[in-house]
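S.K.: The structure that follows is given in the form of structure tokens.
Each value in this text was obtained by applying a stated rule to the coordinates, not by laboratory testing. Bear in mind the structure is a predicted one, so any value in this text is a computation, not a measurement. Note: ideal-geometry Cβ built from the backbone for every residue, glycine included; neighbour counts use all protein chains shown.
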Amino acid sequence: MTKRLSLLLALLLALGPARPAAAWPSSIMEQLARDARRLLPKSLAMLMYQHEKEIIEEAQRFPPDLAQLMAADLASGKLQPETLAALQQHAQGAVDLLKEKKVSAGIVQLGALLRIPADLADPVITAGEPGYPSGVTREYYSFVEQSLPKIPVVLDDAAALRLRRDGLSSYWLRLHGRSRGDAPVILLEMFRNGRVVDHRTLDYRSPVFGVASLAYSRAVTSIAATWLVLWRSVGGDATLMPVPDQRRAREPLVAASPTASPTASPSPRTP
């Protein structure tokens, strides 16, 4: 740990308990879901595309008790077995609906589970105590939104797309650990000389861009992996679309076809 980071952490501890963690802004969450759909079989991608609005709305209504469990564990820096069990039980609700042939409701519940891997892939939320000084989180997310057209979407972990159901909790644990390891970079780069750094002064050369890129691709991959594990558990079509090593999403922020194949020559997102 560098001397500067040690001093920053000492300052934060002196400020008192961590403030409640934020989360990916809704605009980024929507783009994460759209990029994750590109890693799905066409049948599932189409179903999620048809229920995109309901999925995002349902994700925002994440059960308060689960949100509190996750918040407590993320603040402490460790996911507890009880929390993982509760998250698995919540995921089983989507599986049960699909098994009962309640396809629309099941797809919405399945899609809304993106909240779990998205949060675990976010270095801001996984930073733990004492958190960041006021304003750092806002500026970081503003930087990510500003940088979306430049962030390449990379398949973070190909093996995750072949996960078995009994490996999902372990995968979520590993995901949390990797994200937590990136959190100090945001503190070092976005809080200097006792001041929060304006996101407009940063660009793709900043280490923050590297962290944002890693976190974004990690979130996209983990969302798709979580969806696929549960989809396969009900016998859903698991034929994956061809995925090149590196892609940029072509979907604009307005509704677009969920199954257009990425190309080897990526183009930036439409603002």
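S.K.: Based on alpha-carbon atoms only, what is the radius of gyration of the range 120-169 relative to the globular estimate 2.2 N^0.38 Å? Intermediate results must be reported in sequence, preceding the final value.
M.R.: Working: Rg = 15.1 Å, N = 50, 2.2 N^0.38 = 9.7 Å.
That works out to 1.56 for the range 120-169.
S.K.: Mind ordering 32-42, 97-107, 116-126, 227-237 by average Cβ neighbours within 10 Å, highest first?
M.R.: 116-126, 32-42, 227-237, 97-107
S.K.: Something else about it: Can you give the FRET efficiency to the nearest 0.05 for A72 and E145, using r as the Cβ-Cβ distance and R₀ = 41 Å?
M.R.: 0.90
S.K.: Further question: Quick one: give the max-minus-min coordinate of the C-alpha atoms of the range 16-142 along each principal axis, largest first, in Å.
M.R.: Principal axes ranked by extent give 50, 33, 21 Å for the Cα atoms.
S.K.: Once you wrap a convex hull around the alpha carbon atoms of the range 28-91, what is its projected area averaged over all directions, in nm²?
M.R.: 5.3 nm²
S.K.: Can you list residues whose amide H is under 5 Å from D156's amide H, if they're 5+ apart or on another chain and H is modeled 1.01 Å from N?
M.R.: It is T221, by chain and number.
S.K.: May I pose another question? Using only alpha carbon positions, build the gyration tensor of the range 85-204, then give the equivalent ellipsoid semi-axes as the square roots of 5 times its eigenvalues, largest first, whole angstrom.
M.R.: For the range 85-204, the ellipsoid semi-axes come out as 34, 16, 14 Å.
S.K.: Within 10 Å, count the other beta carbons around each residue, average over each peptide in 149-160, 56-67, and list them highest first.
M.R.: 149-160, 56-67
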